[in-house]
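The values are calculated or read from the model by the stated rules, or taken from the named source; none is laboratory data. On a predicted model such as this, the values are computed, not experimentally measured, just so you know. Heads up, the Cβs are rebuilt from the backbone with ideal geometry, glycines too, and the neighbour counts pull from every protein chain shown.
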Amino acid sequence: MSKNKVKLYSSENVLDEFYEALSQNSASKVQRLHIPKSDVFYIRQAILAKTGNLYTLDHVERALYLEGHLNREDVLDPDRPRGYCSYDTRNAR
């Protein structure tokens, strides 16, 4: 594994961040931005429409991963603990 691994970051304003990086012609910013799969955005909006609760992209992505709908490589920091769930993913899959 390369020592020069790019550190990704998550944002609730993915499109704004992406377009800002493009406007600045910053390839490094584009490479660092974690863009969730489109399912995450659709499901988050469906939850909002059904319940009125707006969850973070990370929360929805994590739930989809833990339920087996996303693979490890699709999730930002799959082993990082979150305050809203305590499931240990190190032994999963």
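Residues being surrounded by 12 or more Cβ atoms within 10 Å (Cβ to Cβ) and more than 24 Å from Pro81 (Cα to Cα): count how many of those fall in region 20-44. Final tally of qualifying residues: 6.
Scanning region 7-27 for residues that are of a type in the set (Val, Ile, Thr) and at pLDDT 90 or above yields nothing. Right, Phe41: modelled with pLDDT of 90 or more and outside any loop (DSSP other than H, G, I, E, B) or not? Yes, satisfied. Applying the selection to region 44-64, what residues are in contact (Cβ under 8 Å) with a residue 40 or more places away in the chain and in a loop (DSSP other than H, G, I, E, B)? Answer for region 44-64, where residues must be in contact (Cβ under 8 Å) with a residue 40 or more places away in the chain and in a loop (DSSP other than H, G, I, E, B): just Thr56. Residue count for region 44-59 under the criterion of being under 11 Å from the mean Cα position of the chain (by Cα) and at pLDDT 95 or above: the result is 0.
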